[in-house]
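Below: the structure, in structure tokens.
The values are calculated or read from the model by the stated rules, or taken from the named source; none is laboratory data. Keep in mind that what you see is a predicted model, and the values were worked out from it rather than measured. Because the Cβ atoms are built from the backbone with ideal geometry, glycine has one as well, and the counts that use them run over all protein chains shown.
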């Protein structure tokens, strides 16, 4: 039997460029994610972090021990503990087998960055298909180990999206074989779930998405505005309504066209990429928009690109026409594809559920997830302002000075900066505090670290007004922020107009709370 002829359908002969973009793009985002972890994980979650991983692991061990003891007393040792582990107190992580140490976290990040960089420059792709497969599976496993212990600082949808995408593109092979069609189709399925799920969560959520007014507020109230967010916010309201219509079209209609023949599929990918680029230049959503752009390239056909851009040198990445996938590789890809399709039943049902989940994982390995963002839109922007003083905080004349964050709005004259795809985790979580989360344990510990002038914590900030010295007291206030109008900007040179609201956390000192005498 002619194996290559029997499985000719398996090889996607029109996806050489798509595979290159997928592999190198996802690897580049892994590189950003590991770099972000290397620079931020230890002060946030390390041995002396705001939410220390060792404390989490001890709590999980204690919880599992209590379940084991109860199961043993009830004579259900095997069944009860097995069910507990399947549900999982904690996702899979190498830090369960090897106790967490900051030095081991650094080693994990270093290995992940080296592997990611090697794929970005194209080294594993030059070998047999199992080489890039192992490289991506290693990156997926290492990053999953981080996310599993990352708690609220890693509780964002794009974390599980990177894990899912990293696992999936592991089975795209190398230049020795054509890109496997089952994996390419699963990439389309991932983009469909990502876009259609986000569209449905909006339609089912806030009325502002249904009456086309959501973009009246979003550019101003999004978690971390970018340099052009104010200009986008000041566009006419008719344009904002067109933005919402375009968003609904791109998320609720276009994803179905990803499964259409070429060139329709490439046009659908181009529309998704275009809408994501608009989000890139008007906000800072870590790597969410960038990974969507990369994944959408999975629907771009080589033939359409060569017709549009005949000067593009695609010959360098083309697989020889006589190359065929070996039986062992076909078997691996088909088994993985069947497994992913079986797991997909949960997110598929979720898409059409009245109680649709947003950014939820249905398995401990984050292989097939549900996505969505901004099911509701905040109408006003309330910022938590953190201040310290070297004076007696009880003195009405005490001088309070503000700590400056890197991405979070603060100084009303400062133009927001572009950080995405880099993820500023502390700044992002600060946005959630006024939404009923001001008593988060990590925030109280953050204020304590400021009182201690902890060097690692201060490096997360843009400016320490005390130059590394300890303040006598710190506090947190809330202020209402809004973008300045064009006339206000000409008059004051301010990007933001802000109005004090009240005290969120009264003055604290290392000796204990201080009565708020304001």
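In the set (1) outside any helix (DSSP H, G or I); (2) more than 26 Å from the chain's Cα centre (by Cα); (3) at pLDDT 95 or above, the condition left unmet by residue 319 is number (3).
Within region 173-185, the presence of a residue that is at pLDDT 95 or above, in contact with a helix residue (DSSP H, G or I) (Cβ under 6 Å, 6 or more places away or on another chain) and over 25 Å from residue 9 (Cα atoms) is excluded. I'm trying to understand the selection: among the residues of region 438-461, which are exposed (fewer than 15 other Cβ atoms within 10 Å of the Cβ) and free of Cβ contacts under 8 Å to residues at least 24 places away in the same chain? Selection gives 439, 455. Within region 303-316, being part of a loop (DSSP other than H, G, I, E, B) and either modelled with pLDDT of 90 or more or within 22 Å of residue 265 (Cβ to Cβ) (or both) holds for 309, 310, 312. For region 462-475, check the following and say yes or no: at least one residue is in contact with a strand residue (DSSP E or B) (Cβ under 6 Å, 6 or more places away or on another chain), without any contact (Cβ under 8 Å) to a residue 60 or more places away in the chain, within 15 Å of residue 403 (Cβ to Cβ) and not in a helix (DSSP H, G or I). There is at least one residue in region 462-475 that is in contact with a strand residue (DSSP E or B) (Cβ under 6 Å, 6 or more places away or on another chain), without any contact (Cβ under 8 Å) to a residue 60 or more places away in the chain, within 15 Å of residue 403 (Cβ to Cβ) and not in a helix (DSSP H, G or I). Count of region 180-224 residues, restricted to those that are part of a helix (DSSP H, G or I) and within 21 Å of the chain's Cα centre (by Cα), is 21.
Filtering region 486-510 to residues that are surrounded by 13 or more Cβ atoms within 10 Å (Cβ to Cβ) and in a loop (DSSP other than H, G, I, E, B) leaves 494, 495.
Exactly one residue out of 474, 495 is touching a helix residue (DSSP H, G or I) at 6+ places or on another chain (Cβ under 7 Å) and under 30 Å from residue 289 (Cα atoms), and it is 495. Only residues that are surrounded by 15 or more Cβ atoms within 10 Å (Cβ to Cβ) and within 30 Å of residue 211 (Cα to Cα) were counted across region 349-383, and they come to 19.
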